[in-house]
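*Asks:* Before anything else, here's the structure in question.
What follows is calculated from the coordinates using simple rules that are stated; it is not laboratory data. The model shown is predicted, which means the values in this text are computed figures rather than measured ones. In this analysis, Cβ positions are derived from the backbone assuming ideal geometry, glycine residues included, and neighbour counts consider all displayed protein chains.
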């Protein structure tokens, strides 16, 4: 299984007469070996409150 994403983070502040900007961005990917085959067309992913939840239905045909 391959998970790909992109990080985009911008932080701006203006305190005590100084303006500060911090930018962080870039792509990433992770490969995870699964112990069983999955139904690729039924994979579902949700990213909420900083947590990635994956639903990977097992393929019963293999």
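*Asks:* Run the simple label-point estimate for residue 31 and residue 46 please: 7 Å along Cα→C-beta, distance reported in nm.
*Replies:* 3.0 nm
*Asks:* Just one of [x] 3, 14, 23, 25, 19, 12, 3; [y] 4, 12, 16, 18, 13, 10, 8, 6, 5, 4, 3, 1, 1, 0; [z] 4, 16, 18, 19, 15, 11, 7, 5, 4, 1, 0 is P(r) over Cα pairs in 5 Å bins from 0, in percent calculated from these coordinates, so which is it?
*Replies:* [y]
*Asks:* Using Cα pairs closer than 8 Å and at least 6 residues apart in sequence, work out the relative contact order for segment 2-55, in percent.
*Replies:* 29 percent
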